[in-house]
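These notes concern the structure reproduced below.
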Amino acid sequence: MAASDVFNGFIEKTLAVILEPFESWERFLSAVSHGLHVYGIDLNSKTAFPYMLSSLLIAGLVYQYDCRTGRLRNSSFVQYVFPRSVYLHPSAVTDYKFVAVDLSIKLLVYVPLFSGISWLLYKSLYSALRPIGVDLSSSVLFSSAFMPGLVGFVLADFGFFLSHYLMHKIPVLWVFHEVHHSAEVLTPITVHRVHPVEELLNGLIGSSISAVGAAMYSALSEKDLVFVEIFGVNAISFMFFAFAFQLRHSHIWLSYGSVLSRILISPAQHQIHHSQDPQHWDKNFGFTFAVWDACFRSLYVPRDQESIRFGLPYGDQSDFSSVSKLYVLPFKKALQVLRRTRKQLSNVKDVTSV
């Protein structure tokens, strides 16, 4: 396939999917309502109800354990899992409003854009690598039916880690990621409290790295990617989301222990990532695997349960009290950061020129 054909195919496919909901008012309303439906039913969504239920069951086990060890007293299961102080907190209410708007935008714009980019890179790289002629299809690595899904999952996970790491380390990007960290309480809905600019960066890096890996795998194995699926979903993603994923954005402490926490990021480790405590800053960037944090020296494994206060340790919390502020304020802050950076560079230039 010629490069021009691949590019034209990418443009046509992406535009067709993006513009289809805007062809009529009926299609627009249908797309919006379908988007809200998808994020509760579709198993590709982090907040699909089966994952919610599985996390609820695991929360029940944690509740029983805390009661037996004496950590928890005079609290019913409902009070333990759904405390009013968390789920009716003003920060949580802002989450609900933000998500109601943002999920519809994701379905209309983000999803078709990222899928189009991934498709373009995959086709382009596959066409470039295929003539190499290296046949590894008979090897154990490439003959396993489970391996394609694992390769794609690992690469996507590194992509998420890398974009998350950059969001914390680059000031102009941090002001957008700050929206997620501004949550004063954590609920499963907080996972969607993400600014569109951050969503764009995560999607671009994740889809790009996944596409590169998929193209290399297909070219070397002489096979199209075929994923092992459970209910039509990548088996690894299904198992990951089904095992206590919702608890990472919650008040319920669940650690994997000192050994497993060095392999997989536990809910407790992600809660630590949201902590205001200086010793927790810039720790546990990983989404699934802890190995990336170990390599970048940002891994934090708690020995015991820690008391955590969520949110930002600075600034005015009212800056993040409404949906409009969550969308608009980061752009204003980014402009300020760019102006300061430009001024600093100008001062350095003046000093070096003397």
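Observations on the structure shown:
- Some residue of the stretch 315-323 being within 29 Å of residue 203 (Cα to Cα), assigned to a loop (DSSP other than H, G, I, E, B), among the polar types (S, T, N, Q) and open to solvent by less than 30 Å² (accessible area, probe 1.4 Å): no
- Scanning the stretch 331-354 for residues that are open to solvent by less than 30 Å² (accessible area, probe 1.4 Å) and closer than 26 Å to residue 46 by Cβ turns up nothing.
- Residue 273 free of Cβ contacts under 8 Å to residues at least 60 places away in the same chain and within 21 Å of residue 163 (Cβ to Cβ): yes
- Cβ-Cβ contacts under 6 Å between residues 6 or more apart (or on different chains), taken from a first residue in the stretch 177-202 that is more than 19 Å from residue 333 (Cβ to Cβ) and among the aromatic types (Phe, Trp, Tyr) to a second residue that is at pLDDT below 95 and in a helix (DSSP H, G or I), are absent.
- Test result for residue 194, modelled with pLDDT of 85 or more, assigned to a loop (DSSP other than H, G, I, E, B), under 13 Å from the mean Cα position of the chain (by Cα) and under 25 Å from residue 299 (Cα atoms): yes
The values are calculated or read from the model by the stated rules, or taken from the named source; none is laboratory data. The structure displayed is predicted, hence computed values, not measured ones. Glycine gets a Cβ as well: all are built from the backbone with ideal geometry, and neighbour counts include every protein chain shown. We work out accessible area using only protein heavy atoms, side chains counted, and drop any ligands, DNA or RNA first. Shrake-Rupley method; radii C 1.70, N 1.55, O 1.52, S 1.80 Å.
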